[in-house]
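Engineer: I am attaching a structure below and will ask some questions about it afterwards.
The values are calculated or read from the model by the stated rules, or taken from the named source; none is laboratory data. The shown structure was predicted, so the numbers you read here are calculated from the model rather than taken from an experiment. Here the Cβ positions follow ideal geometry from the backbone for every residue, glycine too, while neighbour counts run over all protein chains shown. Note: accessible area is taken over every heavy atom of the protein model, side chains too, but ligands, DNA and RNA are not part of it. Shrake-Rupley method; radii C 1.70, N 1.55, O 1.52, S 1.80 Å.
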Amino acid sequence: MNGAALDTIVAPATPVGRSALAIVRLDGPQSSAILASLVSTLPAIRMATHLALRHDSTSLDDAVVVRYAAPHSFTGNDLVELTLHGNPLLISRVVSACVSLGARMAEPGEFTERAVLNGKLDLVQAESIADLINARTALQAKLSLGNLEGMLSRTAAAIRESLLFVISRLEAALDFSEEGYDFISRADARSRVVAALDQTRALSETWRRGSATTQGLSAVILGRPNAGKSTLLNRLVGSDRAIVTPIPGTTRDIVRETIEIGGLPVTIADTAGLRSSADVVEGIGITRAREAARTADIILYLVDATVGLTAEDETFPDALLVYTKTDLAPAPPGELGISVTAESGVADLLAKLDGLVRERFVAEGGSLVNERQRLAVAACSEALQESLSAIEAGLDEQMIVVDLYRASNALGLLTGAITREEVFTEIFTKFCIGK
Ligand SMILES: Nc1nc2c(ncn2[C@@H]2O[C@H](COP(=O)(O)OP(=O)(O)O)[C@@H](O)[C@H]2O)c(=O)[nH]1
Ligand SMILES: [Mg+2]
């Protein structure tokens with residue numbers, strides 16, 4: 001980034017509220033000068049220093065101040081971190097003082113954006129910071145931390161490297177065609193592109209699990225009225241969330257609660273029982289239940305063991321069939337049965353769900369986690385496929401190189417080698433102030 005054009009920004013880095021400590025960050029060329037106006041002596045670089053902050057001859061707070069000098073800071077710019085007492089009034093007075101001394105309030109995500117612009121982080125890593133902050137389970141945090149540490153970036157960078165290898169040699173062949181040099185054989189170019197295509201496809205395949213892990217999962221409880229759906233939801237969430245009565249058709253609206261299964265947050269929806277109902281409200285509930293089933297990652301289909309499967313029961317592919325009320329009647333042999341009343345089988349059901357989540361949805365670090373990343377890799381794959389067709393059709397270097405450039409530009413959206421204003425805006429507006 002052009003240092004001359006850079007202004008100095010300020011924002012709290014910790015949430016609004018009362019706490020022992022709160023951090024305010026200042027970033028940019030004026031950060032030390034602004035700090036100098038607030039303290040009696042500037043602290044040494046990277047030396048946590050206890051200082052009194054004063055402005056307009058008023059005491060602001062007693063702070064621990066750390067000064068970072070470019071390029072050795074989170075953003076790569078001169079940066080100051082003020083650790084204050086965690087009182088919103090103090091924080092806003094300190095921020096106002098910084099603004100009156102020439103700083104500007106930071107936009108959401110602007111600190112991280114600066115880190116990306118200075119090459120401290122790539123776009124995938126920047127997105128991982130937001131994911132890490134938003135992680136609700138330890139497993140989600142582990143995936144985000146892996147990507148923040150560069151697991152996904154390294155895979156993308158490796159593919160880009162091999163593309164650059166081929167591109168540069170084909171370009172050289174174009175430039176020096178008269179000399180008759182052979183920089184890369186067609187067979188070699190082809191096998192390298194095929195290898196890159198395989199790697200790209202493998203990366204694409206990480207997306208389903210990666211996004212499931214980052215977003216969390218949705219599960220829906222279906223079954224006929226009175227099957228025990230609401231009772232099971234209440235048991236799983238550990239509170240009387242949904243109304244339970246012996247009257248069929250009690251649940252009409254969808255009740256949703258999130259619990260952790262297999263290391264991921266799973267939002268479970270309790271639905272209206274599936275049946276043909278003359279009741280308008282129940283009918284809407286049944287439509288909603290079917291909609292929820294269409295988008296759910298996991299379907300639990302409950303059958304009352306005292307009734308068994310009937311003509312009214314529906315089949316859903318991939319649904320986990322669970323017989324309920326096994327204190328009153330046994331589940332058919334080999335079927336999963338539970339009794340919430342007798343507290344039997346519930347642990348088995350949870351263990352089964354746990355296994356299912358881990359087997360189908362849990363991702364490792366190095367996975368694609370969002371739609372933007374998925375589209376970038378898909379565009380790369382498509383361009384690579386076209387360059388492969390061009391090689392196989394014996395087209396000239398120029399045609400092949402154009403496709404390979406498109407492929408590497410697409411990957412650049414992950415590694416951040418290519419800066420695109422619209423991508424930045426898209427990503428950073430999702431951040432909160434001060435990150
Ligand atoms: N004996 C017995 N009754 C149950 C069990 N689970 C639910 N019930 C009863 O079955 C009736 C219907 O339950 P509910 O959860 O409202 O079913 P839903 O219509 O599928 O939501 C209620 O009277 C519950 O108390 C169970 O495990 N054992
Ligand atoms: Mg119910």
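Engineer: Taking the condition within 12 Å of ligand 1 (Cβ to nearest atom), of a type outside the set (Gly, Ala, Ser) and surrounded by 18 or more Cβ atoms within 10 Å (Cβ to Cβ), does THR245 pass? Walk me through how you get there before you give the answer.
Structural biologist: On the way: within 12 Å of ligand 1 (Cβ to nearest atom): yes; of a type outside the set (Gly, Ala, Ser): yes; surrounded by 18 or more Cβ atoms within 10 Å (Cβ to Cβ): no.
So THR245 fails the test.
Engineer: Sticking with this one: Take ARG224 and tell me if it is basic (Lys, Arg) and more than 10 Å from ligand 2 (Cβ to nearest atom). Before the answer, list the steps.
Structural biologist: Values: basic (Lys, Arg): yes; more than 10 Å from ligand 2 (Cβ to nearest atom): yes.
It is true that ARG224 is basic (Lys, Arg) and more than 10 Å from ligand 2 (Cβ to nearest atom).
Engineer: Moving on. For segment 227-238, name all the residues that are within 15 Å of ligand 2 (Cβ to nearest atom) and part of a loop (DSSP other than H, G, I, E, B).
Structural biologist: Of segment 227-238, the ones within 15 Å of ligand 2 (Cβ to nearest atom) are 227-237.
Residues satisfying the conditions are ALA227, GLY228.
Engineer: Another question about this same structure. Residues in segment 240-281 that are at pLDDT below 90, over 25 Å from VAL307 (Cα atoms) and away from ligand 2 (no atom under 15 Å from the Cβ): how many?
Structural biologist: 1
Engineer: Right, something else. For segment 302-318, which residues satisfy the criterion of being among the charged types (D, E, K, R) and either in contact with a helix residue (DSSP H, G or I) (Cβ under 6 Å, 6 or more places away or on another chain) or open to solvent by less than 70 Å² (accessible area, probe 1.4 Å) (or both)?
Structural biologist: If the condition is that a residue be among the charged types (D, E, K, R) and either in contact with a helix residue (DSSP H, G or I) (Cβ under 6 Å, 6 or more places away or on another chain) or open to solvent by less than 70 Å² (accessible area, probe 1.4 Å) (or both), then ASP304, ASP313, GLU314 are the ones that fit.
Engineer: So, restricting to helices (runs of 4 or more DSSP H) that lie completely within segment 143-224, which ones have at least 1 residues that are over 32 Å from the mean Cα position of the chain (by Cα) and either within 16 Å of ligand 1 (Cβ to nearest atom) or at pLDDT below 95 (or both)?
Structural biologist: 151-175, 186-205
Engineer: I'd like to verify a number: residues in segment 388-410 that are touching a Leu at 6+ places or on another chain (Cβ under 6 Å) and either surrounded by fewer than 18 Cβ atoms within 10 Å (Cβ to Cβ) or under 14 Å from THR200 (Cα atoms) (or both), how many?
Structural biologist: 3
Engineer: Now for a separate question. Before we move on, is SER162 surrounded by fewer than 15 Cβ atoms within 10 Å (Cβ to Cβ), over 30 Å from ASP56 (Cβ atoms) and of a type in the set (Ser, Thr, Tyr)?
Structural biologist: For SER162, the condition - surrounded by fewer than 15 Cβ atoms within 10 Å (Cβ to Cβ), over 30 Å from ASP56 (Cβ atoms) and of a type in the set (Ser, Thr, Tyr) - is not met.
Engineer: Please go through segment 229-242 and give me each residue that is open to solvent by 20 Å² or more (accessible area, probe 1.4 Å) and within 6 Å of ligand 1 (Cβ to nearest atom), ordered by number.
Structural biologist: THR231, the sole residue that qualifies.
Engineer: I need every pair where a residue in segment 339-352 that is in the same structural domain as LEU233 (by TED's automatic domain parsing) and in contact (Cβ under 8 Å) with a residue 24 or more places away in the chain has its Cβ under 8 Å from the Cβ of a residue that is outside any loop (DSSP other than H, G, I, E, B) and open to solvent by 50 Å² or more (accessible area, probe 1.4 Å), sequence separation at least 6 or different chains.
Structural biologist: VAL340/ARG235; VAL346/ARG235
Engineer: Right, here's the next one. Using the structure shown, decide if ILE91 is farther than 27 Å from GLY119 by Cα, buried (at least 19 other Cβ atoms within 10 Å of the Cβ) and not small (Gly, Ala, Ser).
Structural biologist: When the stated conditions are applied, ILE91 passes them.
Engineer: Then there is this: Please work out which residue is farthest from ALA351 (Cα to Cα), limiting yourself to segment 248-272 and to residues that are β-branched (Val, Ile, Thr) and within 13 Å of ligand 1 (Cβ to nearest atom).
Structural biologist: Across segment 248-272, the extreme among qualifying residues is THR250.
Engineer: Here's a follow-up. For VAL423, indicate whether it is touching a Leu at 6+ places or on another chain (Cβ under 8 Å), at pLDDT 95 or above, more than 16 Å from ALA196 (Cα to Cα) and not assigned by TED's automatic domain parsing to the domain that holds MET151.
Structural biologist: Details: touching a Leu at 6+ places or on another chain (Cβ under 8 Å): yes; at pLDDT 95 or above: no; more than 16 Å from ALA196 (Cα to Cα): yes; not assigned by TED's automatic domain parsing to the domain that holds MET151: yes.
Considered against the rule, which asks whether it is touching a Leu at 6+ places or on another chain (Cβ under 8 Å), at pLDDT 95 or above, more than 16 Å from ALA196 (Cα to Cα) and not assigned by TED's automatic domain parsing to the domain that holds MET151, VAL423 comes out as no.
Engineer: Another question, if that's okay. Please tell me if ARG294 is modelled with pLDDT of 95 or more, open to solvent by 60 Å² or more (accessible area, probe 1.4 Å) and more than 11 Å from ligand 2 (Cβ to nearest atom).
Structural biologist: So ARG294 does not fit the description; no.
Engineer: Has segment 130-137 got at least one residue that is charged (D, E, K, R), more than 22 Å from ARG374 (Cβ to Cβ) and surrounded by 18 or more Cβ atoms within 10 Å (Cβ to Cβ)?
Structural biologist: No, because not a single residue in segment 130-137 is charged (D, E, K, R), more than 22 Å from ARG374 (Cβ to Cβ) and surrounded by 18 or more Cβ atoms within 10 Å (Cβ to Cβ).
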